[in-house]
Amino acid sequence: MDQKELLSLSDRAAEHVLNQEGTGDGRRAGWLMISTILIEAWDLYSISFLLIFVSKDLHPSPAMLGLASGAVQAGALLGAFFGGWIADRFGRRKVFLATMVAFIVLAAAQGFATDMWQLVIIRFLLGFPLGSDISTGYAYIMESMPRGKREVMGNRWQMMFGVGEIVAIVVITILYMTGMDQALLWRLGLALGAVPALALLVMRLDVPDTALALIQRGKFAQAKKVSREMFNDDLDMLPNQDYAIDRPRTRDFLSSIWADRTRRRATIFAWISNAMQGAEFSAFGFYLPTILILTGVSGITATNFLTAGIYVIATIGGFTAPLATPKIGHKGVARVGYGLAFVSLILAAIFLQVDWKPLVPLAAAGLMFGHYWDASNGMTIASMVAPSRYRATASGFGYIFVKLASFVTIFFFPIMFTALGVPLATALVALLSLTGFLAATYILPEVYGYVDQEQTQRQPAPATEGDL
């Protein structure tokens, strides 16, 4: 077969796979991939509860403190794009195993940093496997689970964030209450992220590559075997031997998305939503423990318990958003989430301004519940509507917007609330939530069950799949 025939065959097989019902193996693989969020949540947000101890030990400037907090986001920005690109070319399995090994080593290395620059560099490097694993994991979920169910699994990422954050708060609070030396506490708190990562690596060792990724690389014999395990389907349309298929050019990724109106609008919304929710949380939510302490709402121990309670409410939001997705669609989930986050941020700014301190945690709880709704589907949409041969690249590219917005806001928010005051800075953050609400209302088409739409309203192959 020539390249044109191979591409046509692989596209037909890919569409066939995407419309199959899944098996227990596919669901297990989906849970293992989404569980990566627990690891990321520990590392990204455990430091938000440890910043006060880092400050007392290493005495950083506000700018350096923001840089140390945001460095992992900058690293994840690079890891998201390049990790997705690598996964599309060399397969999902190699990437998600390699990134987990790198995370284990670098997470433990944080505990041995002796100054702020060392901590910044280690956290920057740590971001690369985090970002890479997210882009690879989302591609895996979209390729190993059946339609409808893969969207629900993808939308669970905020629920997993909430669980990871609650565990981090509980563990750090217990360490603090033991009277441990604070210089040791923050080091141990950051390094402990290597423990669940090691457990996840062991559980992933027997997870194969996805049938779809193997199909796109011409590894038909192995693809048939994996499809049998994941979907109870032998892919009879494929031969039993492998062929070399030319890899698509990365620069065709965007033109392929732009060729279809629904895909284009959904992707634009996903990029906007990822940026808005990343900035929305990384400004007020990430610094919530610091805000509660600095504004006199509560002390260190009480703040940790308050924050844990807020994240319990947030996790309920993360649990309910996927359940609501089949009923109100992606558009409804985004509108409800951003609307609630906007109102809650405005109320938080008012409560801080008029010194109604007891009401600030209530506004924060409303924000986090809404945030866990509005942040649930940006990555799902970006990954789901992408052409199959660019799916990991699309996942990584979408995650860039989360990480870029997170890095900028984590770095600048301490400077902003020092210069403007926490109430005004919080009110400005509310504009981000409003932007997300408007994007969901006027840009996002309803794309729940997109594979069905793609199958019935498909454009000619050169337009929707991209030229080589």
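The values are calculated or read from the model by the stated rules, or taken from the named source; none is laboratory data. Just so you know, these numbers come straight off a predicted model, no measurement behind them. Cβ placement follows ideal geometry from the backbone for every residue including glycine, while neighbour counts extend to all protein chains displayed.
At a glance:
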| item | result |
| --- | --- |
| Index of the failed condition, L125 passing every other in (1) touching a helix residue (DSSP H, G or I) at 6+ places or on another chain (Cβ under 8 Å); (2) under 25 Å from L78 (Cα atoms); (3) free of Cβ contacts under 8 Å to residues at least 12 places away in the same chain | (3) |
| Subset tally (residues that are outside any helix (DSSP H, G or I), without any contact (Cβ under 8 Å) to a residue 60 or more places away in the chain and among the basic types (K, R)) for segment 187-241 | 1 |
| Checking G398 against (1) farther than 20 Å from M368 by Cα; (2) surrounded by 19 or more Cβ atoms within 10 Å (Cβ to Cβ); (3) at pLDDT 90 or above, the condition it does not meet | (3) |
| Any hit, segment 276-284, residues being crowded, with 24+ Cβ neighbours inside 10 Å and modelled with pLDDT of 90 or more | yes |
| Scope segment 393-409; condition farther than 13 Å from L254 by Cα and over 12 Å from the mean Cα position of the chain (by Cα); matching residues | L404, A405, F407, V408, T409 |
| Residue among G378, G370, G317, G309 that is in contact (Cβ under 8 Å) with a residue 24 or more places away in the chain, closer than 30 Å to A213 by Cβ and of a type outside the set (A, V, I, L, M, F, W, C) | G378 |
| Long-range neighbours under 8 Å by Cβ, at least six apart or interchain, first residue within 17 Å of T114 (Cβ to Cβ) within segment 60-77, second among the polar types (S, T, N, Q) and in a helix (DSSP H, G or I) | L65/S55 |
| Total residues in segment 387-442, condition farther than 27 Å from L67 by Cβ and charged (D, E, K, R) | 2 |
| Test for I415: is it over 16 Å from G84 (Cα atoms), at pLDDT 80 or above and of a type in the set (V, I, T) | no |
| Cβ pairs under 6 Å, 6+ apart, first in segment 9-27 and within 24 Å of D242 (Cα to Cα), second of a type in the set (S, T, Y) and modelled with pLDDT of 75 or more | G26/S144 |
| Residue match in segment 17-27 (condition: of a type in the set (A, V, I, L, M), assigned to a helix (DSSP H, G or I) and at pLDDT 80 or above) | no |
| Neighbours by Cβ (under 7 Å, 6+ apart or cross-chain): first from segment 158-186, in contact (Cβ under 8 Å) with a residue 12 or more places away in the chain and more than 24 Å from A113 (Cα to Cα); second buried (at least 19 other Cβ atoms within 10 Å of the Cβ) and of a type in the set (V, I, T) | M159/T315; M160/I34; M160/I37; F161/I37; G162/T315; V163/T315; I166/T315 |
| Of residues in segment 374-390 being over 13 Å from the mean Cα position of the chain (by Cα) and in a helix (DSSP H, G or I), the one surrounded by the most Cβ atoms within 10 Å (Cβ to Cβ) | M384 |
| Hits in segment 157-185 - residues which are over 19 Å from L288 (Cβ atoms), in a helix (DSSP H, G or I) and small (G, A, S) | A183 |
| Sole residue being of a type in the set (A, V, I, L, M, F, W, C) and over 22 Å from T435 (Cα atoms), chosen from M384, M379, M368, M416 | M384 |
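Residue by residue, here is whether (1) assigned to a loop (DSSP other than H, G, I, E, B); (2) crowded, with 19+ Cβ neighbours inside 10 Å; (3) at pLDDT below 80 holds:
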position: L6; (1), (2), (3): no, no, no
position: D43; (1), (2), (3): no, yes, yes
position: K56; (1), (2), (3): no, no, no
position: L77; (1), (2), (3): no, yes, no
position: R93; (1), (2), (3): no, yes, no
position: A98; (1), (2), (3): no, no, no
position: V101; (1), (2), (3): no, no, no
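For every residue, the table says whether it meets (1) at pLDDT below 80; (2) crowded, with 16+ Cβ neighbours inside 10 Å; (3) more than 22 Å from the chain's Cα centre (by Cα); (4) closer than 29 Å to I174 by Cα.
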site: L235; (1), (2), (3), (4): no, yes, yes, no
site: R249; (1), (2), (3), (4): yes, no, yes, no
site: S256; (1), (2), (3), (4): no, yes, yes, no
site: S298; (1), (2), (3), (4): yes, yes, yes, yes
site: A302; (1), (2), (3), (4): yes, no, yes, yes
site: F305; (1), (2), (3), (4): yes, no, yes, yes
site: L323; (1), (2), (3), (4): no, no, no, no
site: S344; (1), (2), (3), (4): no, yes, yes, no
